Amino acid sequence: MKPELESLPLAEVERLAERVADPAAWNYLVSGAGTEDALRENLAAFRRIRFAPRVCTDVSEVDTELRLLGLDLPHPVLIGPTACHRMFHPDGEEATARGAGEAGAVFCLSGYSTTGMAAVQRAASGPWWLQYNAAPDDGFTRELIAEATERGAAGIVLTVDTPVAGARERQGWDGVSLPDGLSFALTESAPYPVRPPSSPYEIHRPALDASFTWERLAGLRSSTRIPLLVKGILRADDALRCLDAGADGIIVSNHGARNLDSVLSTAEALPRVAEAVRGRAAVLVDGGLRRGADIAKALALGADAVLLGRPALHGLVLAGAQGVGHVVRRLRYELAMTMALCGAPNLAALDADLLV
Ligand SMILES: Cc1cc2nc3c(=O)[nH]c(=O)nc-3n(C[C@H](O)[C@H](O)[C@H](O)COP(=O)(O)O)c2cc1C
């Protein structure tokens, strides 16, 4: 690893990544829905929370290990699903999978991957999950789930917060167009096209199923034996419906504030969901986590683990697999330091009593 990368805080990684990124890819990466107020609020809501640290607690050992959905993990920082990694770095999803694994982070492969599942499986040096959207043809979704299960995926993430894609003004109404030579590798045989809407006034997209409901979620759950997580939950009642449908995990997410303008922040949504779930499923959260302190707050608010969206891509843009690994290692280091300073020697000691 380049020595200078090792010491870079994530804000620096982001700043340097912007300098080297293709401008269209960068706009796609950073954009949020509409006013982008919710995008800013995702970060600000975590920052507003303050710690009330405990002193004179033995923190000579700080343990960030956990068991999550059948996996023994060295820390609770995972890489969330984001599309089109070859737009950000020539090594694409293979680099992300490698960097994540080397840093002990589960890698969640997006259904809009620009790399095939076999190549990701070969590159992955640690556990990986497959994400897919609520999509029009459950038969095709089941095929993807079956392939991932056969290839050793440790979990399936079903994203349910995108019946239509939000208006991201920085990115343009027609979304992202892949540069020549890149394709959506996982959906090549899908019975529907993966393409933007055909006019600025068309909200629906052929690859997103706006008629998807809870009954179908239960059907997809029963199609695999590996853990299934539902991504995009912000309400306690929806979290309970996920449990009814047999979900093993719930991801509190507002899609990085890329869909619904004025959506509530995940820091606000998380405690209500965690309280409703009461340990009956794993609770994960993403959105606006940029520091180890943010992650400690998320865990204290009831999350078992967190997922990174944009920060992992910043690392990928800047330095491929090494960049992704650096982002994870840096956050794990900041998390451990925050825990020590809060008097929390292990993850179980991070509770709401530490927060103001
Ligand atoms: C460029 C980009 C592409 C994304 N693609 C997907 C995707 O394919 N599937 C999905 O469920 N979420 C997707 N997301 C949302 C992320 O999984 C995650 O919810 C969000 O980025 C978390 O917020 P953060 O970026 O502040 O960490 C994407 C986000 C970004 C920034």
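The values are calculated or read from the model by the stated rules, or taken from the named source; none is laboratory data. Because the structure is a prediction, the values reported are computed rather than measured. Here the Cβ positions follow ideal geometry from the backbone for every residue, glycine too, while neighbour counts run over all protein chains shown. Please note that ligands, DNA and RNA were not included when accessible areas were found on the heavy atoms of the full protein model with its side chains. Shrake-Rupley method; radii C 1.70, N 1.55, O 1.52, S 1.80 Å.
Every test in (1) open to solvent by less than 30 Å² (accessible area, probe 1.4 Å); (2) under 18 Å from the mean Cα position of the chain (by Cα) is passed by L264 save one, and that test is (1).
The residue pairs whose first member lies in the range 35-57 and is without any contact (Cβ under 8 Å) to a residue 24 or more places away in the chain and in a loop (DSSP other than H, G, I, E, B), whose second member is of a type in the set (K, R) and within 16 Å of the ligand (Cβ to nearest atom), and whose beta carbons are closer than 8 Å, counting only pairs six or more residues apart or on different chains, do not exist in this structure.
The residues in the range 79-124 that are aromatic (F, W, Y) and not in a loop (DSSP other than H, G, I, E, B) can be counted, and the count is 1. Under the condition of being surrounded by fewer than 16 Cβ atoms within 10 Å (Cβ to Cβ), acidic (D, E) and either farther than 24 Å from L78 by Cβ or within 16 Å of the ligand (Cβ to nearest atom) (or both), the residues counted in the range 127-170 number 3. Considering the range 296-310, and only residues there that are closer than 11 Å to L78 by Cα and surrounded by 24 or more Cβ atoms within 10 Å (Cβ to Cβ), the residue that is farthest from the ligand (Cβ to nearest atom) turns out to be A305.
Only one of the listed residues (D248, D237) is within 17 Å of the chain's Cα centre (by Cα), surrounded by fewer than 24 Cβ atoms within 10 Å (Cβ to Cβ) and away from the ligand (no atom under 16 Å from the Cβ). That residue is D248. Picking from residues in the range 97-126 that are under 16 Å from P81 (Cβ atoms) and of a type in the set (S, T, Y), the one that is surrounded by the most Cβ atoms within 10 Å (Cβ to Cβ) is S113. Listed conditions (1) surrounded by 14 or more Cβ atoms within 10 Å (Cβ to Cβ); (2) more than 12 Å from the ligand (Cβ to nearest atom); (3) among the polar types (S, T, N, Q) are all met by S31, apart from (2).
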